[in-house]
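The values are calculated or read from the model by the stated rules, or taken from the named source; none is laboratory data. Since the structure is predicted, the reported quantities are computational estimates derived from the model, not experimental observations. Neighbour counts are summed over all protein chains in view; Cβ atoms, including those assigned to glycine, are modelled from backbone coordinates with ideal geometry.
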Amino acid sequence: MAPLLLCSASPRRRELLARVGLAFEVLAPHVDESRIPGEPVRALPLRLAQLKARAGLAVHRARGGADAIALAADTVVSMGETELGKPRDRVHARELLAQLSGNEHVVTTGVCVLSPGGVEGSCTIDTKVRFRALTDAQLDWLANSGDGDDKAGGYAVQGLAGALIDRLDGSFTNVIGLPMGETLELLGCAGVQMPWATLGAALRAGEAR
């Protein structure tokens, strides 16, 4: 069975995949993540995911690796057509959170899976998130906690910010960085064996004995 390559350096994506029991190797290729002038913000994450998956497979093959299934993803936090990236520092983190305060924003993740035969499966998932109206004290506390230092929008939904989010409409794991339901479906279609399929086969074999 072809090994699974995670073409991403994100520790959150590694954790989500490992949590469900999938075995994978990490190969995070470098790609230009700049937004093309005029590119719709929702189109950016899927284009980058496709670039990362193709680049990861190319590096894997250049190193003499056997056929593999590549998984890549990219996540963008936006308000309208404005992309809210990762904070440059704690001051910038507070500025990002102040923009999110009391407002709805969208978290979009593009997911791409490439099979050894070159067949691509992909999807783009949106989740709407609304923060409560944050006080100055809450903004200072959240920004200076460091909880969102390396995260788009300056917050982690699974971290301290979760206590200040008023509403979330859509996939929770998408906001973390990888919509798991859709990702597992794409991986299954590409031939990755799901942990529950392995368990089911073992249970049936035991019953047969």
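For the reader, a short list of remarks on this structure follows.
- Inside the range 170-182, residues that are in a loop (DSSP other than H, G, I, E, B) and under 12 Å from VAL77 (Cβ atoms) make up a count of 1.
- Output for the range 13-31, where each listed residue is surrounded by 15 or more Cβ atoms within 10 Å (Cβ to Cβ), outside any loop (DSSP other than H, G, I, E, B) and in contact with a helix residue (DSSP H, G or I) (Cβ under 9 Å, 6 or more places away or on another chain): ARG13, LEU16, LEU17, VAL26
- Across the range 32-43, not a single residue is classified as touching a helix residue (DSSP H, G or I) at 6+ places or on another chain (Cβ under 9 Å), in a loop (DSSP other than H, G, I, E, B) and crowded, with 18+ Cβ neighbours inside 10 Å.
- Checked against the criterion of being more than 19 Å from GLY148 (Cβ to Cβ), at pLDDT 95 or above, of a type outside the set (S, T, N, Q) and more than 14 Å from the chain's Cα centre (by Cα), the candidates ALA49, ALA43 yield just one match: ALA43.
- Of everything in the range 107-157 that is in contact (Cβ under 8 Å) with a residue 24 or more places away in the chain and of a type in the set (Phe, Trp, Tyr), the residue that is surrounded by the most Cβ atoms within 10 Å (Cβ to Cβ) is TYR155.
- Search result, residues across the range 126-169 that are closer than 27 Å to THR183 by Cβ, assigned to a loop (DSSP other than H, G, I, E, B) and not polar (S, T, N, Q): ASP147, GLY148, ASP149, ASP150, LYS151, TYR155, ALA156, VAL157, GLY159
- Those residues of the range 67-88 which are touching a residue at least 60 places away in the same chain (Cβ under 8 Å) and over 16 Å from the mean Cα position of the chain (by Cα), in sequence order: ASP67, ALA68, ILE69, PRO87
- Boolean, ALA55 is out of contact with any Asp or Glu (no Cβ under 7 Å at 6 or more places or on another chain), farther than 27 Å from ASP166 by Cα and assigned to a loop (DSSP other than H, G, I, E, B): no
- Within the range 67-106, being in a helix (DSSP H, G or I) and surrounded by fewer than 21 Cβ atoms within 10 Å (Cβ to Cβ) holds for ARG90, VAL91, HIS92, ARG94, GLU95, ALA98, GLN99.
- Residues satisfying the stated conditions in the range 52-66, i.e. within 20 Å of the chain's Cα centre (by Cα) and surrounded by fewer than 22 Cβ atoms within 10 Å (Cβ to Cβ): ARG54, ALA55
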